[in-house]
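A short reminder: the numbers here are calculations on the coordinates, not readings from a lab. Predicted, not measured: the structure shown is a model, and the values here were computed from it. Virtual Cβ from ideal backbone geometry, glycine too; neighbours counted across all protein chains shown.
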Amino acid sequence: MVNGILDYLWLVPALPLLGVVLNGAIALFAERPFLLKEAGSHHEAPAYRKLVAFIAPAVVGAAFVVALLCVLSLASRPADGRTFVQILFPWIQAGSLLVPAGLQLDPLSSVMALVVTGVGFLIHVYSVGYMSHERAFARYFVYLNLFMFAMLTLVLANNYLLMFVGWEGVGLCSYLLIGFWYEKQSASDAGKKAFIANRIGDFGVLVAMFLVFWTFGSLSYTEVFAKVPLLRESGVLTTGLATAITLLLFLGATGKSAQIPLYVWLPDAMEGPTPVSALIHAATMVTAGVYMVARSSALFLLAPDTMMVVAVIGAVTAIFSATIGICQTDIKRVLAYSTVSQLGYMFLACGVGAFTAAIFHLMTHAFFKALLFLGSGSVIHALSGEQDMRKMGGLKKYVPVTFVTMFAATLAIAGIPGLSGFFSKDEILWQSFSSTHGSPALWAIAALAAGITAFYMFRLVFLTFFGESRMDPEVEKHAHESPWTMTVPLTILALLSIAGGWIGIPAVLGGGNLFEHWLAPVFHPVAAAGAHGAAAEVHHSTTLEIGLMALSVAIALCGIGLAYFLYRVRTGKPAEIAKAWPTLYDVVYHKYYIDEFYEWAVIRRIVNWSTGLWQMFDALFIDGIVNGAADLVRAAGDRVRRLQGGVVGGYAFSLLAGAVLLVGYILYRSVVQ
Amino acid sequence: MIAPSAYLLLSAILFGIGVVGVVARKNVLIILMSVELMLNGVNVAFVAAGSYLGDAAGGVFAFMVMTVAAAEAAVGLALLIALYRLKETVDITELKVLKW
């Protein structure tokens with residue numbers, strides 16, 4: 001017990017697993033029989049629901065408390081000793097491949113663990129209220145707890161393979177939860193789409209892991225990264241090899257974190273329940289790719305080509321999906337494209353070597369985007385399931401708490417100074433300009449995307465909460481504020497969205513940038529050992545930094561102003577614009593026809609190929625072998641059956657002939673010898 | 001003293017007559033009798049060899065075969081009677097239901 005509370009680190013993933021077991025038992029043995037018996041009618045809430053509603057958030061809350069205590073204990077150590085590895089049990093031992101199941105708590109994984117358990121706990125509480133009318137209540141929380149377990153395994157694992165287990169686990173839970181309402185065709189299709197898109201990326205991670213093991217002879221983070229300088233010097237780890245490993249890892253990240261070209265699954269994932277969108281598809285799972293890239297920063301820094309690819313993909317995704325967000329009418333889809341766009345920012349930061357900024361934005365984004373999704377869920381809840389913003393409006397007076405909290409989150413994501421999003425986004429913008437990997441072009445794209453972000457987010461707020469009500473009168477009658485289980489998490493997340501950035505105020509604004517100091521032991525030794533100066537100690541003048549900051553704020557304000565003009569002052573104008581450029585509007589409205597393009601370019605081809613293989617190879621070749629074997633036996637039997645004529649004398653004669661032949665053979669053998 | 005080969009020759013002749021009876025005759029009763037003849041042909045060989053070699057096993061084996069032959073005759077005749085009651089014939093060429 002020399003490590004105090006840190007020896008209980010295993011409890012952090014184990015507690016949600018306990019929730020899975022308990023809720024799973026309830027779901028199987030109480031809820032399933034109940035639902036099968038009731039078959040539709042819903043008279044009174046059965047008692048097990050209360051138990052589930054307690055267990056599910058409680059285990060996650062307890063995991064958060066344990067994680068918090070562990071992190072505090074870690075923080076009390078000196079800065080260079082803040083890596084705690086707990087080996088749980090030997091897992092795989094095959095030849096030179098030794099993979100123990102171990103957990104690693106260091107500044108990076110502690111940020112992730114706190115965000116995952118903290119935001120996860122709030123969303124669990126929220127879910128209790130949001131899913132209160134849901135029939136498969138226990139099943140939902142089993143999946144949600146299982147997700148927490150997988151996600152914590154992912155972020156706390158001490159090696160790539162265990163991380164991959166969590167990586168696949170969250171993918172599975174994502175699939176299960178997107179398709180939670182599986183009776184709905186679109187939901188089950190969206191689940192499959194997410195799973196398949198993720199699998200494409202996972203293939204990259206798998207191959208990258210093979211390469212890592214082949215190169216380093218180990219999969220554990222500490223061993224691999226310790227060997228980097230050595231192998232670099234001895235020439236084993238060439239730039240080409242590092243590029244291959246990192247590009248494959250990044251392929252996995254594009255799948256999990258919804259970047260071009262694999263982002264298409266995330267908007268469709270909105271078919272799942274809204275708290276799921278908040279937890280998995282905004283705050284935690286989709287950031288796993290960013291976490292993995294940041295975790296492997298030592299390798300990425302050796303591959304300048306990969307860094308450029310990451311930065312460019314991030315920047316292009318940021319602006320590309322932001323423009324799609326402008327024309328969406330479904331409130332959750334706007335937020336989904338916004339998530340894709342914000343994840344693009346994080347990858348842009350990774351690509352320019354500013355891993356701290358990426359993780360910082362990951363954290364603040366988890367706060368404000370989870371809040372936005374939960375807020376939209378509260379709106380949808382109030383409107384009995386309506387998601388179309390064209391049928392909202394004037395909701396301010398019906399759902400005041402939701403409005404205020406969501407407005408705070410909108411200000412944060414738009415980058416209004418003082419709020420969390422401002423600090424993290426501005427850090428990324430500054431790094432993309434000033435870092436050795438950065439360039440003014442990247443800055444310009446990111447700043448423009450920030451302006452578009454401000455525009456579509458305020459469009460969302462204006463359409464939803466302001467102006468005349470466009471609601472169905474029947475729906476409007478029932479519009480109500482959500483219960484406390486939903487509004488309390490909203491309020492806490494709102495406070496975090498406002499204040500969460502204050503731990504990373506940059507030096508130029510007189511802050512201490514605690515966040516950067518906290519993460520420095522993870523990223524900076526890397527920078528010293530790497531071929532390139534990482535998070536860029538390049539000295540630009542502070543006036544430039546302040547100037548760029550002011551410029552990006554001005555761009556964001558322009559976006560807000562434009563949204564105000566179009567959706568508050570001249571409300572007829574958007575339709576006129578759409579009419580003036582019908583082709584442009586059509587293309588953007590249909591998400592640049594990317595889904596249709598993939599359908600044509602990839603899916604059609606695969607279907608055709610598969611059909612061809614089925615009809616040519618399977619039906620002709622494989623079936624030919626099987627049927628041929630059967631035909632052969634049948635033909636042989638047809639010949640042989642004639643021997644059985646039914647005449648006993650004939651049989652006796654054959655018997656005699658056989659005996660004579662046998663005896664003759666034996667005699668012949670004995671004579672010859 | 002009669003040469004041992006004479007006993008074996010007798011044995012072979014009895015066995016051969018039995019074989020021809022089994023293969024050539026159509027009456028099941030005759031076939032059964034022919035089978036008995038074959039068995040007795042073998043018995044002759046057993047006893048002769050036992051006597052020639054001074055080994056009692058030959059005689060013992062002959063008794064063994066007789067016992068089996070008696071059992072076989074009992075079962076065979078019982079089957080024959082059952083067959084006759086069913087088909088009203090003992091002609092083996094008439095009995096060819098068991099074929100494909």
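Give me D for chain B in µm² s⁻¹, whole number, from Stokes-Einstein with Rh from the Kirkwood sum over alpha-carbon pairs, 10 °C and 1.306 mPa s.
Translational D for this selection: 105 µm²/s.
Rounded to the nearest 0.05, the FRET efficiency derived from the C-beta distance between A:Val207 and A:Arg135 at R0 = 41 Å is 0.45. Projecting the Cα atoms of A:Trp614, B:Phe63, A:Ala441 onto the dipole axis of the protein assembly as shown, where Lys and Arg carry +1 and Asp and Glu carry -1 at the beta carbon, places B:Phe63 farthest toward the positive end. By the beta-carbon count within 10 Å of each Cβ, the least crowded to most crowded order of A:Trp614, A:Trp167, A:Trp10, fewest first, is A:Trp614, A:Trp10, A:Trp167. In this simple spin-label approximation, A:Glu474 and A:Phe54 carry label points 7 Å from Cα along the Cα→Cβ vector, and these lie 3.9 nm apart.
Dipole size of region B:4-94 about its Cα centre, with +1 on Lys/Arg Cβ and -1 on Asp/Glu Cβ: approximately 120 debye, rounded to the nearest 20.
Extension gain for A:Arg669-A:Ala578 works out to 22.5 nm (0.36 nm per residue, less the C-alpha to C-alpha distance). Listed by Cβ neighbour count within 10 Å, with the fewest neighbours leading, A:Met486, A:Met471 appear as A:Met471, A:Met486. Net length available on complete extension from A:Ile92 to A:Val488 is 138.1 nm, with 0.36 nm assigned per residue and the Cα-Cα distance removed.
Compared with the dominant Cα axis of chain A, that is its longest principal axis, helix A:623-640 is turned about 10°. Size of the protein assembly as shown: Rg and Dmax of its alpha carbons, in Å, are 41.3, 142. Placing a label point 7 Å from the Cα of A:Arg77 along the Cα-to-Cβ direction, the residues of region A:195-237 whose backbone N falls under 15 Å of that point are A:221-223.
Extension gain for A:Thr571-A:Gln615 works out to 10.2 nm (0.36 nm per residue, less the C-alpha to C-alpha distance). Remark: for residue pairs A:Lys184/A:Lys332; A:Lys477/A:Lys573; A:Lys184/A:Lys591, the C-alpha separation exceeds 21 Å in A:Lys477/A:Lys573; A:Lys184/A:Lys591. Modelled spin-label separation between A:Ala444 and A:Val508, with each label point placed 7 Å from Cα along the Cα-to-Cβ direction: 1.9 nm. Here the residues A:Cys350, A:Cys173, A:Cys70, ranked from fewest to most Cβ neighbours within 10 Å of their Cβ, fall in the order A:Cys173, A:Cys70, A:Cys350.
Rounded to the nearest 20 Debye, what is the dipole magnitude of chain A about its Cα centre when Lys and Arg each give +1 and Asp and Glu each give -1 at the C-beta? List each step's numbers first, then the result.
Values: 39 positive and 38 negative charges, 182 e Å.
It works out to roughly 880 debye.
Shielding of peptide A:639-645 by partners, expressed as the average count of other chain Cβ atoms within 10 Å per residue Cβ, is 2. Taking Cα atoms only, the orientation of helix A:542-564 departs from the longest principal axis of chain A by about 80 degrees.
Cross-link partners for B:Lys26 among the lysines, with Cα-Cα distance under 23 Å and sequence neighbours closer than 8 places in the same chain left out: B:Lys87, B:Lys96, B:Lys99. Counting only alpha carbon atoms, the long axis of helix A:514-529 and the longest principal axis of chain A meet at about 50°.
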